[in-house]
1. Can we say T105 is touching a strand residue (DSSP E or B) at 6+ places or on another chain (Cβ under 8 Å) and polar (S, T, N, Q)?
2. Scan the range 155-187 for residues that are under 12 Å from N118 (Cβ atoms) and either in contact with a Lys or Arg (Cβ under 6 Å, 6 or more places away or on another chain) or not in a helix (DSSP H, G or I) (or both) and jot them down.
3. Could you please give the count of residues in the range 28-87 that are out of contact with any strand residue (DSSP E or B) (no Cβ under 6 Å at 6 or more places or on another chain), surrounded by fewer than 21 Cβ atoms within 10 Å (Cβ to Cβ) and closer than 30 Å to E101 by Cβ?
4. Just one of A261, A202, A236, A221 is surrounded by 10 or more Cβ atoms within 10 Å (Cβ to Cβ), at pLDDT 95 or above, on the phi < 0 side of the Ramachandran plot and under 32 Å from the mean Cα position of the chain (by Cα); which is it?
5. Considering only residues of the range 120-164 that are polar (S, T, N, Q) and in contact with a strand residue (DSSP E or B) (Cβ under 8 Å, 6 or more places away or on another chain), which is surrounded by the fewest Cβ atoms within 10 Å (Cβ to Cβ)?
6. Quick one: which residue in L98, L90, L21 is surrounded by 14 or more Cβ atoms within 10 Å (Cβ to Cβ) and more than 20 Å from G133 (Cβ to Cβ)?
7. With respect to the numbered conditions (1) in the same structural domain as A249 (by TED's automatic domain parsing); (2) part of a helix (DSSP H, G or I), which one is the sole condition not fulfilled by L193?
Amino acid sequence: MSSCIAFIGGGNMASAILGGLRRAGHPSGDLLVVEPMAAQRDRLQQEFGVVALAEADASLSRASTVVWAVKPQLFQDAAAPVAPHVGGALQLSVMAGLRTEAIATATGGARVVRGMPNTPALIGAGITGLFAGDGVSDADRAVVDQLLRPTGRTVWVRQESDLDTVTALSGSGPAYFFYVIEHMVTAGVTLGLDEAQARELALATCAGAASLALQSDESPAQLRAKVTSKGGTTHAALTRLEAEGVGQAIQHAVAAAHHRAQELGDEFGRPPIPN
């Protein structure tokens, strides 16, 4: 079977996957990208040495896997010229909201995997939630795991609706942490540090805490308790956070993202009604 992989859309997430494949030794001649923007095509060709097409053509028939990485609202228009060439390929979508039925209908492909990555994939530290449609085999799952391995971890969910939760938790999640870091830096500056010092301290603290949690068998609650002495500085901070309802606000924020993911699925994720 061909090892050619075609990308429909050449933005940040496609670039993250392409970079990982090239670092892993995947031949540039077996990577195709359909990207209408000339500047983006030039960048992809220079950075990764891939074949970048302005529009779909018969060369896509070489692809054993197609990665869909366009904006959800552009998918139907993008799929129309691609579908005649890729119906037999494994279809991997990293588009938010587009459901497997809509992807299968638009591409003619029976093997559809949906993925929800996040932006740390750009540095190989991401995590992608994955759902396999009915036509996807264990071998197909292995192909997707291998394709995404350079971008970070993968987690397979059992039902497609779980991807809305993945979107809310890890897809949008990096922004929650950037928001916390932003305000930690502001607090440090307000209390007398210069911005560079506050930023370095905040970033290193967040990175270190995440690394410790990943390597520990203890729960986040247990790790938090170890840092918290009654009557101490951490206890004072956490007491204030609890009093201001920050924990509940975080849960409400994730729930709001989950609700919006469901709305996007309803808006873009259903197959078009035949004329």
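1. no
2. Once the filter is applied, which keeps residues that are under 12 Å from N118 (Cβ atoms) and either in contact with a Lys or Arg (Cβ under 6 Å, 6 or more places away or on another chain) or not in a helix (DSSP H, G or I) (or both), the range 155-187 yields V155, S172.
3. The total comes to 24.
4. On inspection, the qualifying residue turns out to be A202.
5. Q159
6. Answer to the check: L21.
7. Single failed check for L193: (2).
For every residue, the table says whether it meets (1) in contact (Cβ under 8 Å) with a residue 60 or more places away in the chain; (2) touching a Phe, Trp or Tyr at 6+ places or on another chain (Cβ under 9 Å); (3) polar (S, T, N, Q); (4) not in a helix (DSSP H, G or I).
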residue	(1), (2), (3), (4)
G10	no, no, no, yes
L18	no, yes, no, no
V67	yes, yes, no, yes
A78	yes, yes, no, no
P81	no, no, no, no
L92	no, yes, no, yes
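The values are calculated or read from the model by the stated rules, or taken from the named source; none is laboratory data. Worth saying up front: this structure is predicted, and the values here are computed from it rather than measured. Here Cβ is always computed from backbone atoms with ideal geometry, including for glycine, and neighbour counts include all displayed protein chains.
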